[in-house]
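To start, the structure under review is shown below, and the notes come after it.
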Ligand SMILES: NC(=O)c1ccc[n+]([C@@H]2O[C@H](COP(=O)([O-])OP(=O)(O)OC[C@H]3O[C@@H](n4cnc5c(N)ncnc54)[C@H](OP(=O)(O)O)[C@@H]3O)[C@@H](O)[C@H]2O)c1
């Protein structure tokens, strides 16, 4: 029957609804239906790494996307890769998300998103004594002001439609000090406190705001850090990476896919009662019960 229906699909008669439903079930076998097929998402800073993984997982759940980055080639490659793999609409927007113009360009491509994933680069590793005023303001703009500005621009429409999911990618450093990443930690902690009250103010309209706190995930940013340490110390990148993994209770780095799937779940219909939370994804690194 399977073959017969396939022949039908390539021949004249239209495939039956039963056939389409079976095909859909088969394609999604083993995967939870997140209930967000047909929704629209803006995923900031998503041409690679954790943002890309969130975009990919949302696309797998049937969400159409606006993705973003500053490198045209990488952005277009990612858009095409997600389109090919998932068959959803993917609009790449080349823009610096920290700028007003960049934010406007994303919102022009998707004026009423159901889902907003806030992500951005992080400030470089630096001793806090070396941060001048401009560096401080740039870091706070990247990791606190920018996500707040985007939330301001989308949240009332989400409220009016009685569906909205906002996920902020922050860092384990919000909870656990990491010397040299003090600016990143401070700006992201500021964002966390800022949205805690907002999350409660929109919860009755099925709009949720949650933060995802990555520990060590195998992305270009993590590898770039190992390259810099190798140059500085003369120890090979692979040894630095191995040592770093040994310090994690899970004894490995997280995969971007694990991160993306968690993000998609937080954006799902099933997660409507989770709001104002800080979800640690760190292989057990944060050493506390609460
Ligand atoms: N990976 C980890 O283990 C880890 C741990 C803790 C926190 N984090 C934080 O999580 C976030 C994502 O990290 P990642 O590991 O995925 O980094 P990544 O691999 O370096 O990817 C960063 C992505 O953001 C884009 N991007 C950076 N700045 C942008 C801007 N101003 N406007 C638009 N797009 C921008 C980059 O593309 P372009 O450069 O082409 O614009 C790229 O697509 C960062 O804030 C990082 O600090 C990561």
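The strands (runs of 3 or more DSSP E) found entirely in the stretch 114-231 that carry 2 or more residues being over 22 Å from residue 47 (Cα atoms) and in contact with a helix residue (DSSP H, G or I) (Cβ under 9 Å, 6 or more places away or on another chain) are 207-214.
How many of the residues in the stretch 157-179 are surrounded by 16 or more Cβ atoms within 10 Å (Cβ to Cβ) and either more than 11 Å from the ligand (Cβ to nearest atom) or closer than 17 Å to residue 264 by Cβ (or both)?
Kept after step one, since they are surrounded by 16 or more Cβ atoms within 10 Å (Cβ to Cβ), are these residues of the stretch 157-179: 158-159, 163-176.
In the following step, the residues that additionally are either more than 11 Å from the ligand (Cβ to nearest atom) or closer than 17 Å to residue 264 by Cβ (or both) were identified as 158-159, 163-169, 175.
Summing the residues that are surrounded by 16 or more Cβ atoms within 10 Å (Cβ to Cβ) and either more than 11 Å from the ligand (Cβ to nearest atom) or closer than 17 Å to residue 264 by Cβ (or both) in the stretch 157-179 gives 10.
Take the stretch 70-89 and flag every residue that is within 10 Å of residue 47 (Cα to Cα) and buried (at least 19 other Cβ atoms within 10 Å of the Cβ). Those that are within 10 Å of residue 47 (Cα to Cα) and buried (at least 19 other Cβ atoms within 10 Å of the Cβ): 75, 78, 79. Applying the condition of being surrounded by 15 or more Cβ atoms within 10 Å (Cβ to Cβ) and over 13 Å from residue 277 (Cα atoms) to the stretch 190-206 and asking which residue is nearest to the ligand (Cβ to nearest atom) yields 190. For residue 65, the conditions (1) more than 12 Å from the ligand (Cβ to nearest atom); (2) out of contact with any helix residue (DSSP H, G or I) (no Cβ under 9 Å at 6 or more places or on another chain) are fulfilled apart from (2).
Looking at this structure, is residue 92 touching a strand residue (DSSP E or B) at 6+ places or on another chain (Cβ under 8 Å), buried (at least 19 other Cβ atoms within 10 Å of the Cβ) and part of a strand (DSSP E or B)?
Working: touching a strand residue (DSSP E or B) at 6+ places or on another chain (Cβ under 8 Å): yes; buried (at least 19 other Cβ atoms within 10 Å of the Cβ): yes; part of a strand (DSSP E or B): yes.
Criteria met by residue 92.
Any read-out appearing in this document is the output of simple, stated calculations on the displayed coordinates, not a laboratory observation. Quick caveat, the model's predicted, so the values are computed rather than measured. Here Cβ is always computed from backbone atoms with ideal geometry, including for glycine, and neighbour counts include all displayed protein chains.
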